[in-house]
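J.: Would you mind keeping the following structure in view while I ask a few things?
None of the figures in this text is laboratory data; all of them are computed from the coordinates on show. All values reported here derive from a predicted model rather than from experimental measurement. Cβ placement follows ideal geometry from the backbone for every residue including glycine, while neighbour counts extend to all protein chains displayed.
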Amino acid sequence: MFRFLLPAVLFVGACGVESGSRPEAVLLERDRVTVSMSSGWPCLGFRTAETRTADGWAGRLEGCPDAYAYKVTLQKGSNPVRTVLVEVLGALGGEDLLRPAALVEITSDRNRVYRFRTP
């Protein structure tokens, strides 16, 4: 009986297995997002004229085996203290000192969406 049950259990378990690696963390900068994958590969998504959207940028990750789709949605005005800091640092020439606040969504080849929020 168990020899008939084992293949069924293995088949059901394999149906939910994600091919490739999965995103574990993101680092967002003004012109790129770096995604650390479970395989150890760093994947990059660059902000260019072609990838720019109304509220951020989107495209396919580069530099790694998993060219997953990604979308960066910048959060504007979400924290009043942060808004003041951005204005002050910008006036002093330090606009690169604060990382952008955003929602980063990465969609795997099996349409699983991974969401990360940056500060």
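J.: If you plug each phi of segment 23-32 into the Karplus form 6.51 cos²θ - 1.76 cosθ + 1.60 with θ = phi - 60°, what whole-Hz ³J(HN,Hα) values come out, in order, with x for Gly and Pro?
T.: Taking θ as phi minus 60°, the curve returns x, 10, 7, 10, 10, 9, 10, 4, 10, 6 Hz for segment 23-32.
J.: Taking the Cβ of Val113 as the center, what net charge do the other residues with Cβ under 10 Å away carry, scoring Lys and Arg +1 and Asp and Glu -1?
T.: Values: positive: Lys71, Arg112, Arg115; negative: Glu105.
Here the count lands on +2.
J.: In nm, what is the difference between 0.36 nm times the number of residues separating Thr73 and Thr53 and their Cα-Cα distance? Spell out each step's value before the answer.
T.: Working: separation 20, 0.36 × 20 = 7.20 nm, distance 0.87 nm.
Difference between extended and current length: 6.3 nm.
J.: Relative to the present Cα-Cα distance, how much length would full extension add between Arg32 and Arg110 at 0.36 nm per residue of separation? Don't jump to the answer; show the numbers that get you there.
T.: Values: separation 78, 0.36 × 78 = 28.08 nm, distance 2.40 nm.
Extra length from Arg32 to Arg110 when fully extended: 25.7 nm.
J.: In addition: Can you tell me which of 106-112, 66-72 comes out highest on packing, and rank the rest after it, using the mean Cβ neighbours within 10 Å?
T.: On the way: 106-112: 13.9, 66-72: 20.4.
By packing density, highest mean first, the sequence is 66-72, 106-112.
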